[in-house]
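To keep things clear, I will list the structure first and then write my remarks on it.
The values are calculated or read from the model by the stated rules, or taken from the named source; none is laboratory data. Please read all numbers here as calculations on a predicted model, not as lab measurements. Note: ideal-geometry Cβ built from the backbone for every residue, glycine included; neighbour counts use all protein chains shown. SASA here: full protein model, heavy atoms, side chains in, ligands and nucleic acids out. Shrake-Rupley method; radii C 1.70, N 1.55, O 1.52, S 1.80 Å.
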Amino acid sequence: MLKFFYTFLLVLGTVYGPAARAESVLFLSPGTTQEAFWVSYAQFMQAAARDLGVDLRIQYAQRMPELTVAQARLALQGPDRPDYLMFVNEQYVAPQILRLAQGSGVKLFMVNASLTANQQSLLGERPDQLGSLVPNDEEGGYLMLKELIRQHPPATPGKPIELLAFSGLKITPSAQLREQGMMRALAEHPEVRLRQLVYSGWTRDRAYEQAKLLFRRYPQISLVWSANDEMAFGAMQAYSETGGVPGKDALFSAVNTSPAALQAKVDGRLSVLLGGHFTLGGWALVELHDLDRGVDLDQYGGRDRQIPLLQLVNNATAKRILAMGDSPEYSVNFRQMSAKGRPTSYRYPFSLQTLMR
């Protein structure tokens, strides 16, 4: 089986950034080259790498955690080792990667999902573990449901507002945190009743199959919370097949600023959209570039940081991002964001607003 994965790595190939004479970074993406989120994530990273002069490589794990581990093993124990390995603690692969990295000389940086509190207590501090950068997933899940409820007409006395929720993978920290945020908002609104929460593995097809059953089981649903855009589209398709109109008969929400999600927000089919965290890998490269130049991140906000990238996307912002096109040329000056030589009061301006300037 392991031989298969090594062969698969070669078949998949690698997406390369600039051939710069600078620090080399390998990013292990847990997603696929067909997922709009991970494609836009890579595009933003490549823009940052070009500006910073970083030698960037990106490999995709096709949603298979065992492939991520095989990729990490090859990178950490093979002859062509990067200076830095960037990865996501998707499906809790981080402890395996940390074990593989011992003695490799490769420095590690986690994005999107870092070590859980339990993992951190078991593994302890490591000199090769440089830090992490994660979005505000819990707050994102909270904001999304709060905005859905705000847009919904007031509940009729004695008749609750019925909610369905579609989450990603049960063993993914980002999914868990978004759920926790949703439950926090739910606790503030006793007039809303969560009928069922299901795990759709981040995929449209699974959410569609689940939603077909759920809308028959709960015909009074008028709010649908989804932890990403693909699952939202699967649920919306199933709802449309019942004769309902998304955005009118039931309000739908999603996370991610894919072109399809942005268009659905502009068209009114998605009532609530959150996004901005596709920029996280590019911001992480700014920090790694600074680390390579001797910057102490502890003096500039800390090595392990959560930044509020997930925010509500209104129609005007959706139109502006759509206008950038499929292969956007970002006007961000990544080099100017460096903390090198700045006072310790400086904080990196990582936000969607920076991108939109």
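Scanning segment 98-119 for residues that are within 25 Å of R178 (Cβ to Cβ) and either open to solvent by 60 Å² or more (accessible area, probe 1.4 Å) or touching a Lys or Arg at 6+ places or on another chain (Cβ under 6 Å) (or both) yields A117, N118. Taken as a whole, the condition of being touching a Lys or Arg at 6+ places or on another chain (Cβ under 6 Å) and either under 22 Å from S271 (Cα atoms) or part of a helix (DSSP H, G or I) (or both) does not apply to A165. Taken over segment 172-231, the criterion of being among the polar types (S, T, N, Q), open to solvent by less than 10 Å² (accessible area, probe 1.4 Å) and either free of Cβ contacts under 8 Å to residues at least 60 places away in the same chain or not in a loop (DSSP other than H, G, I, E, B) (or both) is satisfied by S200, S226.
Applying the selection to segment 74-92, what residues are open to solvent by less than 60 Å² (accessible area, probe 1.4 Å), modelled with pLDDT of 95 or more and not in a helix (DSSP H, G or I)?
P82, Y84, L85, M86, F87, V88
Residues in segment 21-36 include none that are over 14 Å from the mean Cα position of the chain (by Cα), part of a helix (DSSP H, G or I) and surrounded by fewer than 22 Cβ atoms within 10 Å (Cβ to Cβ).
Select from segment 239-254 the residues that are in a helix (DSSP H, G or I) and in contact with a Pro (Cβ under 7 Å, 6 or more places away or on another chain) and write down the one among them that is nearest to W202 (Cα to Cα). Lay out the reasoning, then the answer.
Of segment 239-254, the ones in a helix (DSSP H, G or I) are 239-241.
Right, trim to in contact with a Pro (Cβ under 7 Å, 6 or more places away or on another chain) and you get 239-240.
Numbers: Y239: 18, S240: 20 Å.
Filtering first and then ranking leaves Y239.
When we screen T242, T257 for residues that are under 27 Å from R216 (Cβ atoms) and either surrounded by fewer than 22 Cβ atoms within 10 Å (Cβ to Cβ) or modelled with pLDDT under 95 (or both), the only hit is T242.
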